[in-house]
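*Asks:* Take this structure, written in structure tokens, and hold onto it; I'll ask about it next.
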Protein chains: 2
Amino acid sequence: MCDQRGFTLWFTGLSGSGKTAIAKQVERELRRRGLKVERLDGDIVRQALTRDLGFTKEDRDKNIERVTFVAKLLTRNGVAVLCSFISPYRERRAKTRREIGTFIEVYVECPLEVCAQRDVKGLYAKAFAGEIENFTGVSDPYEPPENPEIVCRTAEERLEESAGKVLAYLEEHGYIPV
Amino acid sequence: MCDQRGFTLWFTGLSGSGKTAIAKQVERELRRRGLKVERLDGDIVRQALTRDLGFTKEDRDKNIERVTFVAKLLTRNGVAVLCSFISPYRERRAKTRREIGTFIEVYVECPLEVCAQRDVKGLYAKAFAGEIENFTGVSDPYEPPENPEIVCRTAEERLEESAGKVLAYLEEHGYIPV
């Protein structure tokens, strides 16, 4: 690929909604097609970039601010960037969109009950027991996107369908070759 | 450029040694040649990435740790990255070299007296007056590189000569087309 077009796919949604699973699936397919890809999530950036941050609104916003800086630089250099972060605050996401420019918001929608039932990391149980503070959806707000480019409904769709939606969007809008 | 090779040029040296001046000159020339370039320095990363950090050894190392993460991602995606940071600690620079891989250390060497005489930002006067703590070269150590790929001696060379050395190195080692 000589002239790959940079963009950031921004996966937002509750903990356990399936953001990273979809991002990984899309990443695999983009790599298969020979594209330059970087995937960022909390686990990836924590060590080098955000180790000092907790889960208050201020810290969550700082977390996203740092990730935004990285995604912006990669995007303007022709990389496909896949970010999956709860990123619960609408205003911070809007700022990220303005800063990155080529920004595609993917709302990974899944009812809280379903996320809590999955409870992949055992965090909901702790949050309901009051053992974790500032837990999005339980003791902290989640502000859903108002006009996301893509909505994945992971309680109803299979992973392949959700990833397929994202890839179809990228093809239809000329971000990646068909 | 279809197949630009990513690398990080790491300019280290005292405050006022001329790191950023050389980096800007090299940046201009690389852009003129149509290459993808990102330049990072304290002013550029402070707002989004390192606003919370001061000048203790711990904070300086954290600063470089975050910048290293960004430079690593850009480098492996084919970008020419130009970093100018005092980065006084040898061990932290060695770690950055290992993490980035394609890493070219440029020691911007200039005697402390000359840097202090230039005193572009008025910081040396304050440091000598004891108004600034942890000032590299005055009240904090600077550990010079032992085996830098390139040495620029800015007390003796003109800016064009220093930048020319860097460009010649990049050409000779196949990082950029001649």
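Please treat every number below as a calculation from the coordinates, not as lab data. Here the structure is a predicted model, which means the values were calculated and not measured. Methodologically, a virtual Cβ is constructed for each residue, glycine included, from the backbone with ideal geometry; neighbour enumeration extends over all protein chains shown.
*Asks:* Can you name the number of the only condition in (1) part of a helix (DSSP H, G or I); (2) closer than 17 Å to A:Val81 by Cα; (3) within 14 Å of chain B (Cβ to nearest Cβ) that A:Gly34 fails?
*Replies:* (1)
*Asks:* For region A:67-99, what are the residues that are more than 11 Å from chain B (Cβ to nearest Cβ), in contact with a Leu (Cβ under 7 Å, 6 or more places away or on another chain) and closer than 28 Å to A:Ser139 by Cβ?
*Replies:* Once the filter is applied, which keeps residues that are more than 11 Å from chain B (Cβ to nearest Cβ), in contact with a Leu (Cβ under 7 Å, 6 or more places away or on another chain) and closer than 28 Å to A:Ser139 by Cβ, region A:67-99 yields A:Cys83, A:Ile86.
*Asks:* Specify the residue that is nearest to B:Thr8 (Cα to Cα); the eligible residues are those in region B:113-131 that are assigned to a loop (DSSP other than H, G, I, E, B) and free of Cβ contacts under 8 Å to residues at least 24 places away in the same chain.
*Replies:* Of region B:113-131, the ones assigned to a loop (DSSP other than H, G, I, E, B) are B:119-122, B:129-131.
Right, trim to free of Cβ contacts under 8 Å to residues at least 24 places away in the same chain and you get B:122, B:129-131.
Working: B:Gly122: 29, B:Ala129: 36, B:Gly130: 35, B:Glu131: 34 Å.
Ranking the qualifying residues of region B:113-131, first place goes to B:Gly122.
*Asks:* Checking A:Leu82 against (1) touching a residue at least 60 places away in the same chain (Cβ under 8 Å); (2) in a loop (DSSP other than H, G, I, E, B); (3) closer than 19 Å to A:Gly6 by Cα, which single condition isn't satisfied?
*Replies:* Every condition holds for A:Leu82 apart from (2).
*Asks:* On the basis of being touching a residue at least 24 places away in the same chain (Cβ under 8 Å) and within 14 Å of another protein chain (Cβ to nearest Cβ), does A:Ile64 make the cut?
*Replies:* On the way: touching a residue at least 24 places away in the same chain (Cβ under 8 Å): yes; within 14 Å of another protein chain (Cβ to nearest Cβ): yes.
For A:Ile64, the condition - touching a residue at least 24 places away in the same chain (Cβ under 8 Å) and within 14 Å of another protein chain (Cβ to nearest Cβ) - is met.
*Asks:* State which residue pairs qualify: first residue in contact (Cβ under 8 Å) with a residue 12 or more places away in the chain and inside region B:155-178, second residue of a type in the set (Lys, Arg) in any location, beta carbons under 8 Å apart, and separation of 6 or more residues or different chains.
*Replies:* That search, which allows pairs on different chains as well, returns B:Ser162/B:Arg153; B:Gly174/B:Arg5; B:Tyr175/B:Arg5; B:Ile176/B:Arg5; B:Ile176/B:Arg33; B:Pro177/B:Arg33.
*Asks:* With respect to B:Arg51, determine if the residue is over 17 Å from B:Thr20 (Cβ atoms) and either within 10 Å of chain A (Cβ to nearest Cβ) or surrounded by fewer than 22 Cβ atoms within 10 Å (Cβ to Cβ) (or both).
*Replies:* On the way: over 17 Å from B:Thr20 (Cβ atoms): yes; either within 10 Å of chain A (Cβ to nearest Cβ) or surrounded by fewer than 22 Cβ atoms within 10 Å (Cβ to Cβ) (or both): yes.
In short, yes.
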